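J.: One structure, as structure tokens, below. Some questions next.
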Amino acid sequence: MSEGRVKLDASWKSRVGAQFERPEMQALAEFLRAEKRAGKVLYPPSPQIFAALDTTPFDAVKVVILGQDPYHGPGQAHGLCFSVLPGVPAPPSLVNVFAEIQRDLGIARPDHGCLIPWARQGVLLLNSVLTVERGLAGSHQGKGWEGFTDACIDALNREREDLVFLLWGSYAQAKGKLIDTRRHRVLKAPHPSPLSAHRGFNGCGHFSRANEYLREHGQTPIDWRLPAVYELGRD
């Protein structure tokens, strides 16, 4: 996995590009090549692996939502955590996210699950692990991605101020050790999956609380509404 071959916004490449030369990332690249040679199907498609970083430049980040690993069903993962492209049914966790937004802000559930409009406003939708094998959740954990995404979070923590980190579930919250809570706002809740959403994600109010923090620190809040599917792509 060579830095020069990775589609990555320059603002991120200048900060984490050196990670690609590290031994663990070299080993990860070889693992991914071997999996493909063995005929395994990996998600998301290679050009979309770094889509979260490419869609939300470093200096544009306002809010960080940390996921675990990509969706492992056909056609679901496209490089932004929790997001699916138009035409793909919203997975249960995303349905619960939309339900909380409706409860919190009165915004009706959209007719699709594509979160690119959030990413373009400064919501970094970053998974901790950036690839997965079809049908096998967590199959690429411990293969080298965690150090790379740690480096992304560490750079944001050190170089930016007044960001909001939404950490849903124990896996995302483990990354919280990298975040200085004196410089940034960290909001924690259980994961929005159907197995755990009722334990405190439902009713967490993270979306209004994130916007309140941004306003208090002189930043434009996030518009959590999503345009109708036919309007996507209009800039």
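J.: Go from 0 up to the bin containing the longest alpha carbon distance in the chain, width 10 Å each, and give me the % of pairs per bin.
T.: 8, 33, 38, 18, 2, 0
J.: How much of the accessible area of the chain, in percent, comes from carbon and sulfur atoms when a 1.4 Å probe is used?
T.: C and S atoms contribute 50 percent here.
J.: Suppose every Lys and Arg Cβ carries +1 and every Asp and Glu Cβ carries -1, with no other charges. What dipole size does region 17-84 come out with about its Cα centre, to the nearest 20 debye?
T.: That gives a dipole near 200 debye.
J.: On a 28 Å Cα-Cα criterion, which of the cross-link pairs LYS40/LYS62; LYS36/LYS188; LYS13/LYS36; LYS7/LYS40 come out too long?
T.: Over 28 Å Cα-Cα: LYS40/LYS62; LYS36/LYS188.
J.: So how strong a dipole does the chain carry about its Cα centre when Lys and Arg Cβ are +1 and Asp and Glu Cβ are -1, to the nearest 20 debye?
T.: 260 debye
J.: Between ARG33 and GLN121, what is the label-point separation in nm under the 7 Å Cα-to-beta-carbon projection?
T.: So the label points at GLN121 and ARG33 sit 4.2 nm apart.
J.: Treating only the Cβ atoms of Lys and Arg (+1) and Asp and Glu (-1) as charged, compute the dipole magnitude of region 125-235 about its Cα centre; round to the nearest 20 debye.
T.: 320 debye
J.: Give me the number: length gained by fully extending ALA99 to SER193, i.e. 0.36 nm times residue separation minus the C-alpha to C-alpha distance, one decimal in nm.
T.: 32.6 nm is the gain from fully extending ALA99 to SER193.
J.: Report the per residue volume, in Å³, of the convex hull enclosing the C-alpha atoms of region 168-235.
T.: With only Cα atoms used, region 168-235 gives 142 Å³ per residue.
J.: Residues of region 100-149: accessible area per residue at 1.4 Å, in Å²?
T.: Heavy-atom SASA per residue in region 100-149 reads 36 Å².
J.: Pick out, from GLY205, LEU130, PRO194, the residue whose Cα sits farthest towards the positive end of the charge dipole of region 123-235, with +1 on the Cβ of Lys and Arg and -1 on the Cβ of Asp and Glu.
T.: The residue sitting farthest along the positive end of the dipole is PRO194.
J.: What does the net charge come to around GLN48 if you take all other residues with beta carbon closer than 12 Å to its beta carbon, with K and R at +1 and D and E at -1?
T.: 0
J.: How far apart, in nm, are two points set 7 Å out from the Cα along the Cα-to-Cβ line at GLU216 and at LEU136?
T.: Calculated label separation equals 4.5 nm.
The values are calculated or read from the model by the stated rules, or taken from the named source; none is laboratory data. All values derive from a computational prediction rather than experimental measurement. When we count neighbours, we look across all protein chains shown, and the Cβ atoms used for this are built from the backbone with ideal geometry, even at glycine. To get the accessible areas, we keep the full protein, side chains included, count just its heavy atoms, and leave off ligands, DNA and RNA. Shrake-Rupley method; radii C 1.70, N 1.55, O 1.52, S 1.80 Å.
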